[in-house]
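Peer 1: Here it is, the structure in full.
The values are calculated or read from the model by the stated rules, or taken from the named source; none is laboratory data. This one's a predicted model, so the numbers in the text were calculated from it and none came from an experiment. So basically every Cβ, Gly included, is an ideal-geometry build from the backbone, and we count neighbours across all protein chains shown.
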Amino acid sequence: MRKRALITGVAGQDGTYLTELLLGKGYEVFGITGPDSGDFLQRAEDSGGALHSVTADLTDMESLLAAVEVARPDEVYNFAAQSSVGNSWSEAIATTDVNAMGVLRILEAIRQLAPEARLFQASSAEMFGNAAEMPQSETTRLHPQSPYAASKAYAFQVVGSYRDSYGMHVSNGIMFNHESPLRGLQFVTRKITDGVARIKLGLADELVLGNLDAQRDWGFAGDYVEAMWLMLQQQRPDDYVIASGEVHTVREFCAAAFTYLGLDYERYVRSDPRFVRPVDVHVFYGDASKAREVLGWEPRVRFAELVHMMVDADMERLSAKA
């Protein structure tokens, strides 16, 4: 009998890659979209009955109960979130309602209607803040430094509480930055790859960013969803850092993207203080050795290949406008 999965935020980057992974493994997938469903509804229509759209909202308990009742899931993957750290400062209450209380509602819906279902919760390395420990692991102290990070820290801890208190198979993936051509344009990596493509094609003259010296651990989203799936195949639930184990600055990302198109980033990129966050986290650097040892997971796409993949996709997308 084919497994059934319920995915929140199914139309986003991670939801799209995970859907393809699960369909390839023979799952029946039920997807909850956000305000922007992208091409998900068309993909569901074309799936031959393997992919279904379910209406629900993380701020509405009754709709989540109804979604779980319809999907009758073996596995639940929660990606739905207000995912912009920067926007969380101006949308702090909404961010907390979705990212923190929304996870509690999902846990309750599963506990009440599908207690045997396994849950993956997308946690975030932002929970660590400016950690003194390098690299950061599952035992690194949480020190959230934005409303987004605080909301993710609450969700992380309440998942652990339900696991301990109710014996539920619920796991947190502490996700370090993971990118792809599907990444939203509000994220710095896509700002860079979209920006360099526009400059190369004569559609823009410059690229304005915030802190160029911020250091991040960037990996490929298509690799990271495999780790998420592997977590729910384990006999015991647990928490895992998912990271590339490499750290690069925003400046290095710019250099890699511009050099790939034969341009000097220093001629086109400038930093504007208006785009610097009220409290900025300077370094994220993950230790994924536990995932490597327990899950047998390794990232395959490395930094330069990721940058080139994203630049190629934006060049193709924008070429028609040039």
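Peer 1: Does D280 meet the test of being closer than 16 Å to G195 by Cβ, modelled with pLDDT under 95 and either surrounded by 17 or more Cβ atoms within 10 Å (Cβ to Cβ) or out of contact with any Leu (no Cβ under 6 Å at 6 or more places or on another chain) (or both)?
Peer 2: Details: closer than 16 Å to G195 by Cβ: no; modelled with pLDDT under 95: yes; either surrounded by 17 or more Cβ atoms within 10 Å (Cβ to Cβ) or out of contact with any Leu (no Cβ under 6 Å at 6 or more places or on another chain) (or both): yes.
No, not satisfied.
Peer 1: Inside the range 216-322, counting only helices (runs of 4 or more DSSP H) that do not spill past its ends, which hold 3 or more residues that are within 14 Å of R190 (Cα to Cα)?
Peer 2: On the way: elements: 221-231, 250-260, 303-319.
Per the criteria, 250-260, 303-319.
Peer 1: Right, something else. Can you name the helices (runs of 4 or more DSSP H) wholly within the range 9-74 that have at least 1 residues being within 20 Å of I106 (Cα to Cα)? Break it down into steps so the answer makes sense when it comes.
Peer 2: Working: elements: 13-24, 40-45, 61-71.
In the range 9-74, the matching helices (runs of 4 or more DSSP H) lie at 13-24, 61-71.
Peer 1: Taking the criterion of being of a type in the set (A, V, I, L, M), in contact (Cβ under 8 Å) with a residue 40 or more places away in the chain, surrounded by fewer than 19 Cβ atoms within 10 Å (Cβ to Cβ) and touching a strand residue (DSSP E or B) at 6+ places or on another chain (Cβ under 8 Å), would at least one residue in the range 59-70 satisfy it?
Peer 2: yes
Peer 1: If you go through the range 107-156 one residue at a time, how many are within 18 Å of the chain's Cα centre (by Cα) and either on the phi > 0 side of the Ramachandran plot or not hydroxyl-bearing (S, T, Y) (or both)?
Peer 2: Total meeting the criteria: 19.
Peer 1: Among (1) surrounded by fewer than 15 Cβ atoms within 10 Å (Cβ to Cβ); (2) hydrophobic (A, V, I, L, M, F, W, C); (3) farther than 17 Å from H178 by Cβ, there is one condition L261 misses while meeting the rest; what is its number?
Peer 2: Going through (1) surrounded by fewer than 15 Cβ atoms within 10 Å (Cβ to Cβ); (2) hydrophobic (A, V, I, L, M, F, W, C); (3) farther than 17 Å from H178 by Cβ one by one, L261 breaks only (1).
Peer 1: If a residue has to be crowded, with 20+ Cβ neighbours inside 10 Å and over 21 Å from F253 (Cβ atoms) to count, how many in the range 132-143 make the cut?
Peer 2: Summing the residues that are crowded, with 20+ Cβ neighbours inside 10 Å and over 21 Å from F253 (Cβ atoms) in the range 132-143 gives 1.
Peer 1: Something else now. If E179 satisfies every condition in (1) under 18 Å from the mean Cα position of the chain (by Cα); (2) more than 24 Å from A304 (Cα to Cα); (3) acidic (D, E) but one, which is the exception?
Peer 2: Here E179 clears every test but (2).
Matching residues to (1) buried (at least 21 other Cβ atoms within 10 Å of the Cβ); (2) under 19 Å from A66 (Cα atoms):
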position: V10; (1), (2): yes, yes
position: L18; (1), (2): yes, no
position: L21; (1), (2): no, no
position: G24; (1), (2): no, no
position: T33; (1), (2): yes, yes
position: G48; (1), (2): no, no
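Peer 1: Just need a number here: residues in the range 75-88 that are assigned to a loop (DSSP other than H, G, I, E, B) and touching a Ser or Thr at 6+ places or on another chain (Cβ under 7 Å). Talk me through it step by step, then tell me what you get.
Peer 2: Keep residues of the range 75-88 that are assigned to a loop (DSSP other than H, G, I, E, B), which gives 79-84.
Still in the running and touching a Ser or Thr at 6+ places or on another chain (Cβ under 7 Å): 79-80, 82.
The qualifying residues number 3.
Peer 1: Listed residues V196, V159; which is part of a helix (DSSP H, G or I), assigned by TED's automatic domain parsing to the domain that holds L58 and in contact (Cβ under 8 Å) with a residue 24 or more places away in the chain?
Peer 2: Working: V196 fails: assigned by TED's automatic domain parsing to the domain that holds L58.
Among V196, V159, only V159 is part of a helix (DSSP H, G or I), assigned by TED's automatic domain parsing to the domain that holds L58 and in contact (Cβ under 8 Å) with a residue 24 or more places away in the chain.
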